[in-house]
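Participant: Take this structure first; my questions come after.
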Amino acid sequence: MLINADLHIHSRFSGATSEKMNIQTISIEAQRKGIDVVATGDCLHCSWMNEISQCNVIDEGTFELNSTRFILSTEIEDNKRVHHLLYFPSILSVWDFKERIKSKSKNLESDGRPNVNLNGEELAQIAKDLHIMIGPAHAFTPWTAMYAYHNTLKDCYGEMVDYVSFLELGLSADSNFADKIRELHRLTFLTNSDCHSPHPVRLGREFNRFEVKAATFNEIRKAILRIDGNKPVLNVGLPPQEGKYHESACISCYTHYSLEEAERRRWKCSCGKRIKKGVKDRINEKAEFLEPQHPDHRPKYVHLIPLAEIITKAIGQRNPFGKTVTKRWSELVDTFGSEIKVLIDVDIDEISHVTAPAITEAIQLFREKKVIIKPGGGGQYGTIELPTQDEGDLITLKLGPKDKQTSLIEYSG
Ligand SMILES: [Zn+2]
Ligand SMILES: [Zn+2]
């Protein structure tokens, strides 16, 4: 069977998260988005674990609420500020892991995403002892990520490097970028939302589609390891240009810079503040290949834009979180079952019977890869624009190599 899985979220017990990140709301919103399995995040936190225990137990590492399955996971910051993702086979392994790290962490009981005074190698050793999976989270971002502080996987995980089986790409990268780096070819790439809110613009904005025999931890583990016929069959995510750190840009005024220009300015913006190196530039710096060399096991990467964002642009709204957009979004999702079906599967004629012509047209433009993206950078998300019909050609013309502000998304669906 095929399942859609978002394997990185945060509960309301992590910093800067929505109060709505409770297990009930997440389980309902995941269904509406079209996500079958969600990784709980924050599972080292006692109060969050209490909430998780409201779910039905499917097996020792798999839980269910409102038809959404959950597996146990957390994100941890190590002593070099690198973020790691961990997936646990059972509640028992969560307790054992906490026991092993508790003397090394000051905020284990207060923050859903704790800091621990251990390095990547030490963390991976403990994970291996307890059969917990571990890999770098959002590996290329300029803060709190593996490639922000290390030049290689081995630098980060030392002698334990072979135990690492996956890497999370993060919102600002895709497999076309990451497969320019040779050492990543053996890893499974994960595409996850890392969301702090259950809103459909956030939850499931990136997900993995796995071939498995059941929607359980063990089956997902095998899919990540690519054994017993299980495997990832799709990575689905935002066009990387939409990510907050795609291009190098100032963290204060968001002026974008080319790598050469940023270096010439010694990473200081004309406004005086710092320029942060974008994921695109960091990967190209690290790249052994000019063009991505995909290993045979690498699944296709499909770029998706959240439906609420498409609706927002189509009906001239500014805010994808407002009532007007939510009403339109719900009409479509209630009719066709999930957001993913509306974006990819449902016949466009059927969509036109349910919603406004402008929205039908915008979904069609998205499917035809004609949505235009202004890249993000410096901590500011990229934005999408819809070409008007008459402007289609004009806008395409503006997309020459000299214009760095806009680029067509590559939608390989
Ligand atoms: Zn993180
Ligand atoms: Zn600036």
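The values are calculated or read from the model by the stated rules, or taken from the named source; none is laboratory data. Just so you know, these numbers come straight off a predicted model, no measurement behind them. So basically every Cβ, Gly included, is an ideal-geometry build from the backbone, and we count neighbours across all protein chains shown. Just so you know, the surface numbers come from the protein's heavy atoms only, side chains and all, with ligands and any DNA or RNA stripped out. Shrake-Rupley method; radii C 1.70, N 1.55, O 1.52, S 1.80 Å.
Participant: Only bridges whose two residues both fall in the chain count here: according to DSSP, what percent of them are antiparallel, nearest 5?
Facilitator: Values: 36 of 51 bridges.
Counting only bridges with both partners in the chain, antiparallel ones make up about 70 percent.
Participant: Once you've got the GNM for the chain with C-alpha springs shorter than 10 Å, pick whichever of PRO239, PRO295, PRO198 has the biggest mean-square fluctuation.
Facilitator: Per the Cα network of the chain with a 10 Å cutoff, PRO295 tops the list.
Participant: Evaluate the charge dipole of segment 148-256 about its Cα centre and quote only its size in Debye, nearest 20, assuming +1 on the Cβ of each Lys and Arg and -1 on the Cβ of each Asp and Glu. Kindly include the intermediate steps, with their values, before the conclusion.
Facilitator: Numbers: 13 positive and 14 negative charges, 53 e Å.
The calculation lands at about 260 debye.
Participant: Right, next: So who's got an amide H within less than 5 Å of the one on HIS138, skipping anything under 5 residues away but keeping other chains? H placed 1.01 Å off N, in plane.
Facilitator: GLU168, GLY170
Participant: Another question, then. Report, in deg cm²/dmol and to the nearest 500, the calculated mean residue ellipticity at 222 nm for the chain, where each DSSP H run with n ≥ 4 adds -39500 (n - 2.57) and the sum is divided by the residue count.
Facilitator: Working: 15 runs with 121 residues, N = 413.
Rounded to the nearest 500, it is -8000 deg cm²/dmol.
Participant: A further question follows. Once amide H atoms are built 1.01 Å from N in the peptide plane, which residues 5 or more positions from LEU234, or in another chain, come under 5 Å H to H?
Facilitator: Sorted by chain and number, the residues that satisfy this are ARG209.
Participant: Which residues in segment 84-111 have a backbone N closer than 15 Å to a point placed 7 Å from the Cα of GLU60 along the Cα-to-Cβ line?
Facilitator: The answer is 88-97.
Participant: Who wins for biggest fluctuation among LYS180, LYS244, LYS268 in a Gaussian network model of the chain, springs between alpha carbons below 10 Å?
Facilitator: With Cα springs under 10 Å in the chain, the top fluctuation among LYS180, LYS244, LYS268 is at LYS268.
Participant: Leaving out ligands, DNA and RNA, and with a 1.4 Å probe, what % of the accessible surface on segment 1-65 is carbon or sulfur? Present the calculation step by step, with values, prior to reporting the outcome.
Facilitator: Working: 1140 of 2330 Å².
Carbon and sulfur atoms account for 49 percent of the accessible area of segment 1-65.
Participant: Dipole of segment 140-217 (Lys/Arg Cβ +1, Asp/Glu Cβ -1, origin at the Cα centre): which of SER165, PHE189, PRO200 lies farthest to the positive side?
Facilitator: Going by the Cα projections, it comes out as PRO200.
Participant: Name the most mobile residue of PRO240, PRO292, PRO306, meaning the one with the largest mean-square fluctuation, in a Gaussian network model of the chain with Cα contacts below 10 Å.
Facilitator: Evaluated over the chain, the most mobile residue of the options is PRO292.
Participant: May I pose another question? Taking the solvent-accessible surface of protein heavy atoms with a 1.4 Å probe, what is the per residue accessible area of segment 76-175 in Å²?
Facilitator: 38
Participant: Please give the FRET efficiency for SER47 paired with ASN117, using the beta carbon to beta carbon distance and R0 = 25 Å, rounded to the nearest 0.05.
Facilitator: Working: r = 23 Å, r/R0 = 0.92.
Working from the Cβ atoms, E equals 0.60.
Participant: Under a straight-distance cross-link criterion of Cα-Cα below 18 Å, which lysines are reachable from LYS273, leaving out those fewer than 8 residues away in the same chain?
Facilitator: Excluding near neighbours in sequence, the set is LYS244.
Participant: Something else: Rounded to whole Hz and in sequence order, give me ³J(HN,Hα) for segment 227-239 from the Karplus expression 6.51 cos²θ - 1.76 cosθ + 1.60, θ = phi - 60°, writing x for Gly and Pro.
Facilitator: Per-residue couplings from phi come out as 10, 6, x, 7, 5, x, 10, 8, 9, 10, x, 4, x Hz.
Participant: Sticking with this structure for a sec: Less than 15 Å apart at the alpha-carbon level, and either on another chain or at least 8 residues along: which aspartates and glutamates does that give for LYS374?
Facilitator: GLU242, GLU247, GLU309, GLU385, ASP403, GLU410
Participant: Can you tell me the FRET efficiency between VAL161 and GLU285 if r is taken as the Cβ-Cβ distance and R0 is 25 Å, rounded to the nearest 0.05?
Facilitator: Numbers: r = 21 Å, r/R0 = 0.83.
Efficiency computed from Cβ-Cβ geometry: 0.75.
Participant: Could you check how much of the accessible area of segment 205-351 is carbon and sulfur, as a whole percent, using a 1.4 Å probe?
Facilitator: Working: 3090 of 6880 Å².
Accessible surface attributable to carbon and sulfur in segment 205-351 totals 45 percent.
Participant: Moving to a separate point now. Using each residue's phi in segment 340-349, evaluate 6.51 cos²θ - 1.76 cosθ + 1.60 at θ = phi - 60° and report the 3J(HN,Hα) Karplus result to the nearest Hz, with x for Gly and Pro.
Facilitator: 4, 5, 4, 5, 10, 9, 6, 4, 5, 4
Participant: Okay, next question. Each residue of segment 204-210 in turn: what ³J(HN,Hα) in whole Hz from Karplus with 6.51, -1.76, 1.60 and θ = phi - 60°, glycine and Pro shown as x?
Facilitator: x, 5, 10, 7, 10, 10, 10
Participant: Continuing with the same structure: Across the Cα atoms of the chain, what radius of gyration and what greatest pairwise Cα-Cα distance (Dmax) are found, in Å?
Facilitator: In Å, with Rg to one decimal and Dmax whole: 20.9, 64.
Participant: How many Å² of accessible area per residue for segment 312-358, probe 1.4 Å? All intermediate terms of the calculation are to be shown ahead of the outcome.
Facilitator: Details: 2640 Å² over 47 residues.
The answer is 56 Å² per residue.
Participant: Count the lysine pairs in segment 1-146 that are 8 or more places apart or on different chains: how many have C-alpha atoms under 17 angstrom apart? Let's see the in-between values first.
Facilitator: Working: LYS20/LYS33; LYS80/LYS104; LYS80/LYS106; LYS98/LYS106; LYS98/LYS128.
Taking segment 1-146 as the scope, the lysine pair count is 5.
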